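Worksheet for the structure shown next.
The values are calculated or read from the model by the stated rules, or taken from the named source; none is laboratory data. Computed from a prediction, not measured in an experiment: that's the story for all the values here. Positions of Cβ are generated from backbone atoms using ideal geometry, with glycine treated the same way; all protein chains shown enter the neighbour counts. Only protein heavy atoms, including side chains, enter the accessible area calculation; ligands, DNA and RNA are left aside. Shrake-Rupley method; radii C 1.70, N 1.55, O 1.52, S 1.80 Å.
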Amino acid sequence: MENTPTKTRIDQLVPDLGANFIEQKEGISQFIREERKSLEALIKNPSVGGFEICRYNTAIFDVVVKKIYAIAVAKVGIEPNIAIFASGGYGRRELCYLSDIDLCYTSDVDLEEVYDENALQFIRVFYDFIDSFHVLRGIVPKFSFIYRPCCDAPKWNHIDLTALL
């Protein structure tokens, strides 16, 4: 069995820069709905193991996060000086069906001290897009999105540090 969402469904998520926010969100929502149906079938299949199911679920949201990132970059018009990484079960590629999706972002510039309009605009677009999924509870897990200054990395716990690897 293939551990990733099908290629044709992924191709549907290419950000259409001419599409509005609602159309883009609906495209991603439809992708998630279809992939979650496939995931539910896997869960009911006794020959498919739990870790395989978790990796498939992780792959679904890897695609979603990458597409939201691409949409935010297109909207802002510049690639920000930001790294986004997954933590928790998502970061370990052990995302269970009902687990939250924990995302962190960091930058080599301390965004709490240095004003960077492009980075802030990117974060607003990225977060607003993720936050718009709250109406799809039951289909889309809850997202969390927090900032961790890169300069604080020596103080991070081992889970956050290994998620960066």
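Cross-link reach is defined here as a Cα-Cα straight distance under 13 Å, omitting same-chain residues fewer than 8 places apart; for Lys142 the aspartates and glutamates meeting it are Asp100, Asp102, Asp131. For Phe143, the residues 5 or more places off, or on other chains, whose built amide H falls under 5 Å of its own are Ile101.
Based on the Kirkwood radius over alpha-carbon pairs, what value in µm²/s does the Stokes-Einstein equation return for the translational diffusion coefficient of region 22-116 at 25 °C and 0.890 mPa s? Write down the numbers at each step before the final one.
Working: Rh = 15.1 Å.
Approximately 163 µm²/s, per Stokes-Einstein.
Residue ranking by accessible heavy-atom surface, 1.4 Å probe, largest first, among Arg92, Arg33 comes out as Arg92, Arg33.
Applying the criteria of a DSSP loop state and at most 16 other Cβ atoms within 10 Å to the chymotrypsin sites (Phe, Trp or Tyr not before Pro) of region 56-98 yields Tyr97.
Going by the alpha-carbon gyration tensor, a ≥ b ≥ c the square roots of its eigenvalues, is region 104-156 rounded (a/c under 1.5) or, if a/c is not under 1.5, prolate (a/b greater than b/c) versus oblate?
On the way: a/c = 4.80, a/b = 1.74, b/c = 2.76.
The shape class here is oblate.
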